[in-house]
Amino acid sequence: MNYSELKTAVEDYTENSFSATDFATMTKLAEQKIYNTVQLPSLRKNVTGSMTSGNKYLQAPSDFLSVFSLAVILADGSYEYLLDKDVNFIRQAYPTPTSTGTPRYYAIFGPRSDNENELTFILGPTPSASLSVELHYYYYPVSIADSVLNPAGTSWLGDNFDSVLFNGVMVEAARYMKEEQDVVAMYEQQFAQSLILLKQLGDGKNRQDAYRNGQVRVKVG
(Lines give C-alpha, C1' and ligand atoms only; values in the text may rest on other atoms or scores of the structure.)
Protein backbone atom coordinates (compact mmCIF):
# COMPACT_ATOMS: atom_id res chain seq x y z
CA MET A 1 0.00 0.00 0.00
CA ASN A 2 1.55 3.29 -1.09
CA TYR A 3 0.65 6.71 0.30
CA SER A 4 -1.99 7.44 -2.32
CA GLU A 5 -3.67 4.09 -1.70
CA LEU A 6 -3.54 4.68 2.06
CA LYS A 7 -5.25 8.06 1.75
CA THR A 8 -7.93 6.65 -0.53
CA ALA A 9 -8.62 3.72 1.81
CA VAL A 10 -8.89 5.91 4.93
CA GLU A 11 -11.17 8.38 3.17
CA ASP A 12 -13.36 5.54 1.89
CA TYR A 13 -13.68 3.97 5.35
CA THR A 14 -14.35 7.25 7.14
CA GLU A 15 -16.49 8.66 4.31
CA ASN A 16 -14.59 11.89 4.72
CA SER A 17 -11.94 13.80 2.77
CA PHE A 18 -8.80 15.30 4.32
CA SER A 19 -6.49 18.04 3.16
CA ALA A 20 -3.01 16.99 2.09
CA THR A 21 -1.47 18.70 5.13
CA ASP A 22 -3.86 17.17 7.66
CA PHE A 23 -3.57 13.66 6.26
CA ALA A 24 0.23 13.86 6.21
CA THR A 25 0.19 14.91 9.88
CA MET A 26 -2.09 12.01 10.82
CA THR A 27 0.12 9.54 8.95
CA LYS A 28 3.31 10.77 10.60
CA LEU A 29 1.71 10.56 14.06
CA ALA A 30 0.68 6.97 13.38
CA GLU A 31 4.16 6.08 12.10
CA GLN A 32 5.77 7.53 15.22
CA LYS A 33 3.53 5.42 17.47
CA ILE A 34 4.38 2.26 15.52
CA TYR A 35 8.11 2.92 15.35
CA ASN A 36 8.30 3.50 19.10
CA THR A 37 6.25 0.41 19.95
CA VAL A 38 7.96 -2.27 17.85
CA GLN A 39 11.69 -2.75 17.21
CA LEU A 40 11.88 -3.50 13.51
CA PRO A 41 15.09 -4.31 11.58
CA SER A 42 13.99 -1.73 9.00
CA LEU A 43 14.43 0.95 11.67
CA ARG A 44 18.13 0.22 12.10
CA LYS A 45 21.12 1.70 10.32
CA ASN A 46 24.77 0.66 10.29
CA VAL A 47 27.57 3.21 10.00
CA THR A 48 31.33 3.14 10.46
CA GLY A 49 33.56 5.93 11.67
CA SER A 50 36.59 6.47 13.84
CA MET A 51 37.45 7.51 17.37
CA THR A 52 40.00 10.26 17.85
CA SER A 53 43.08 9.47 19.91
CA GLY A 54 42.92 11.35 23.21
CA ASN A 55 39.27 12.37 22.74
CA LYS A 56 36.81 10.50 24.94
CA TYR A 57 33.77 11.81 23.07
CA LEU A 58 32.23 10.33 19.92
CA GLN A 59 29.66 12.16 17.86
CA ALA A 60 26.33 10.41 17.18
CA PRO A 61 24.80 10.49 13.67
CA SER A 62 22.39 13.33 12.99
CA ASP A 63 19.39 10.96 12.67
CA PHE A 64 20.32 8.89 15.75
CA LEU A 65 17.54 7.79 18.13
CA SER A 66 19.00 4.94 20.21
CA VAL A 67 21.82 2.38 20.19
CA PHE A 68 21.52 -1.20 19.01
CA SER A 69 25.26 -1.93 19.31
CA LEU A 70 28.61 -0.13 19.28
CA ALA A 71 31.85 -1.93 18.48
CA VAL A 72 35.53 -1.08 18.16
CA ILE A 73 37.24 -2.59 15.12
CA LEU A 74 40.73 -3.63 16.18
CA ALA A 75 43.85 -3.61 14.00
CA ASP A 76 43.43 -7.29 13.10
CA GLY A 77 39.86 -6.69 11.93
CA SER A 78 38.19 -8.27 14.96
CA TYR A 79 35.24 -6.62 16.67
CA GLU A 80 35.16 -5.69 20.36
CA TYR A 81 31.64 -4.74 21.43
CA LEU A 82 31.40 -1.97 24.01
CA LEU A 83 29.15 -2.29 27.05
CA ASP A 84 26.44 0.29 27.64
CA LYS A 85 26.87 2.11 30.96
CA ASP A 86 25.77 5.43 32.39
CA VAL A 87 27.93 8.54 32.49
CA ASN A 88 28.50 8.26 36.26
CA PHE A 89 30.03 4.80 35.88
CA ILE A 90 32.48 5.94 33.22
CA ARG A 91 33.44 9.06 35.17
CA GLN A 92 34.03 6.98 38.30
CA ALA A 93 35.89 4.14 36.56
CA TYR A 94 38.05 6.45 34.44
CA PRO A 95 38.29 9.75 36.37
CA THR A 96 41.37 10.96 34.49
CA PRO A 97 40.76 11.77 30.81
CA THR A 98 44.47 11.26 30.07
CA SER A 99 44.21 7.61 31.14
CA THR A 100 43.94 5.98 27.72
CA GLY A 101 43.42 2.54 26.23
CA THR A 102 41.00 0.62 24.02
CA PRO A 103 37.48 1.70 25.05
CA ARG A 104 35.36 -0.95 26.78
CA TYR A 105 32.30 1.11 27.74
CA TYR A 106 30.14 3.86 26.33
CA ALA A 107 27.28 6.06 27.51
CA ILE A 108 25.06 8.68 25.92
CA PHE A 109 26.69 11.82 27.29
CA GLY A 110 24.23 14.43 26.12
CA PRO A 111 23.77 17.12 23.47
CA ARG A 112 26.73 18.35 21.44
CA SER A 113 28.07 21.76 22.38
CA ASP A 114 27.64 23.04 18.81
CA ASN A 115 24.18 21.55 18.24
CA GLU A 116 21.81 20.83 21.10
CA ASN A 117 19.61 18.67 18.85
CA GLU A 118 22.39 16.11 18.31
CA LEU A 119 23.86 13.68 20.84
CA THR A 120 27.37 12.62 21.85
CA PHE A 121 28.77 9.39 23.34
CA ILE A 122 31.35 9.32 26.13
CA LEU A 123 33.88 6.46 26.04
CA GLY A 124 35.78 4.70 28.76
CA PRO A 125 38.71 4.69 28.79
CA THR A 126 39.76 7.53 26.50
CA PRO A 127 40.89 6.08 23.14
CA SER A 128 44.66 5.62 22.90
CA ALA A 129 44.52 5.51 19.09
CA SER A 130 42.25 6.55 16.21
CA LEU A 131 40.33 3.27 16.16
CA SER A 132 37.55 2.42 13.72
CA VAL A 133 34.06 1.93 15.15
CA GLU A 134 30.85 0.40 13.88
CA LEU A 135 27.52 1.68 15.18
CA HIS A 136 24.18 -0.05 14.76
CA TYR A 137 21.43 2.38 15.73
CA TYR A 138 17.72 3.05 15.50
CA TYR A 139 16.39 5.96 13.47
CA TYR A 140 13.15 7.20 11.94
CA PRO A 141 12.98 6.23 8.27
CA VAL A 142 11.62 8.75 5.79
CA SER A 143 7.86 9.00 6.20
CA ILE A 144 5.59 7.49 3.59
CA ALA A 145 3.93 10.93 3.58
CA ASP A 146 7.10 12.89 2.73
CA SER A 147 6.58 13.77 -0.92
CA VAL A 148 9.97 15.48 -1.20
CA LEU A 149 12.28 12.80 0.24
CA ASN A 150 9.99 9.92 -0.67
CA PRO A 151 8.28 10.81 -3.97
CA ALA A 152 7.28 7.17 -4.58
CA GLY A 153 5.17 7.26 -1.39
CA THR A 154 6.30 3.83 -0.22
CA SER A 155 7.70 2.42 3.03
CA TRP A 156 8.54 -0.90 4.66
CA LEU A 157 5.28 -0.74 6.63
CA GLY A 158 3.23 0.03 3.54
CA ASP A 159 4.84 -2.78 1.55
CA ASN A 160 4.95 -5.46 4.25
CA PHE A 161 2.51 -4.66 7.06
CA ASP A 162 -0.01 -2.16 5.76
CA SER A 163 -2.71 -3.24 8.24
CA VAL A 164 -0.94 -1.64 11.20
CA LEU A 165 -0.28 1.56 9.25
CA PHE A 166 -3.88 1.75 8.03
CA ASN A 167 -5.35 1.12 11.48
CA GLY A 168 -2.95 3.61 13.06
CA VAL A 169 -4.04 6.35 10.65
CA MET A 170 -7.70 5.42 11.23
CA VAL A 171 -7.21 6.17 14.94
CA GLU A 172 -5.74 9.58 14.12
CA ALA A 173 -8.55 10.23 11.61
CA ALA A 174 -11.18 9.43 14.24
CA ARG A 175 -9.52 11.88 16.64
CA TYR A 176 -9.36 14.50 13.92
CA MET A 177 -13.07 14.09 13.13
CA LYS A 178 -13.93 14.11 16.85
CA GLU A 179 -15.77 10.81 16.58
CA GLU A 180 -17.77 9.41 19.46
CA GLN A 181 -15.76 7.70 22.20
CA ASP A 182 -16.98 4.21 21.29
CA VAL A 183 -15.96 4.69 17.66
CA VAL A 184 -12.46 5.85 18.65
CA ALA A 185 -12.19 2.88 21.04
CA MET A 186 -13.12 0.50 18.22
CA TYR A 187 -10.39 1.91 15.96
CA GLU A 188 -7.88 1.80 18.81
CA GLN A 189 -8.72 -1.87 19.43
CA GLN A 190 -8.12 -2.70 15.76
CA PHE A 191 -4.85 -0.80 15.88
CA ALA A 192 -3.76 -2.65 19.04
CA GLN A 193 -4.51 -6.01 17.41
CA SER A 194 -2.41 -5.05 14.40
CA LEU A 195 0.44 -3.98 16.68
CA ILE A 196 0.38 -7.38 18.41
CA LEU A 197 0.87 -9.11 15.07
CA LEU A 198 3.70 -6.74 14.16
CA LYS A 199 5.37 -7.25 17.56
CA GLN A 200 5.32 -11.01 16.99
CA LEU A 201 7.41 -10.32 13.90
CA GLY A 202 9.63 -7.45 15.03
CA ASP A 203 10.15 -8.32 18.69
CA GLY A 204 9.73 -12.08 18.23
CA LYS A 205 10.74 -13.76 14.99
CA ASN A 206 13.30 -11.12 14.00
CA ARG A 207 15.05 -11.04 17.39
CA GLN A 208 15.02 -14.56 18.84
CA ASP A 209 17.78 -17.11 18.60
CA ALA A 210 15.88 -20.08 17.15
CA TYR A 211 18.66 -22.53 18.12
CA ARG A 212 18.37 -21.69 21.82
CA ASN A 213 14.84 -20.33 22.09
CA GLY A 214 13.01 -22.49 19.57
CA GLN A 215 10.02 -21.10 17.76
CA VAL A 216 8.02 -18.06 18.80
CA ARG A 217 5.85 -18.81 21.85
CA VAL A 218 2.89 -16.91 23.19
CA LYS A 219 2.67 -16.74 26.98
CA VAL A 220 -0.50 -18.29 28.37
CA GLY A 221 -2.13 -16.93 31.53
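Below are the figures for this structure:
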item: Of LYS178/LYS199; LYS28/LYS178; LYS7/LYS45; LYS28/LYS85, pairs whose Cα-Cα distance is over 21 Å; result: LYS178/LYS199; LYS7/LYS45; LYS28/LYS85
item: Within segment 77-112, backbone nitrogen closer than 11 Å to the virtual label 7 Å beyond the Cα of ASN36 toward Cβ; result: none
item: Principal-axis tilt of helix 20-35 within the chain, Cα atoms, nearest 10 degrees; result: 50
item: Net charge contributed by nearby residues that have their C-beta within less than 12 Å of SER19 (K/R +1, D/E -1); result: -1
item: Net dipole in debye of the chain [+1 Lys, Arg Cβ; -1 Asp, Glu Cβ; about Cα centre; nearest 20]; result: 1040
item: Contour minus Cα-Cα distance for LEU29 and ARG112 (0.36 nm per residue); result: 27.2 nm
item: Projected label distance in nm at GLU15 and GLN59, using a 7 Å step from Cα toward the beta-carbon; result: 5.6
item: Identified option (computed semi-axes √(5λ) of the Cα gyration tensor in Å; candidates (i) 41, 21, 16; (ii) 40, 18, 12; (iii) 42, 24, 14); result: (i)
item: Carbon plus sulfur fraction of accessible area for the chain, probe 1.4 Å, in percent; result: 48
item: Centroid-to-centroid separation of segment 35-73 and segment 137-163 [C-alpha atoms, Å]; result: 21
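The values are calculated or read from the model by the stated rules, or taken from the named source; none is laboratory data. Note that the structure is a prediction, hence the values are computed from the model and not measured. Note that each Cβ is placed from the backbone with ideal geometry, even for glycine, and that neighbours are counted across all protein chains shown. Surface accessibility is based on the protein's heavy atoms, side chains included, excluding ligands, DNA and RNA. Shrake-Rupley method; radii C 1.70, N 1.55, O 1.52, S 1.80 Å.
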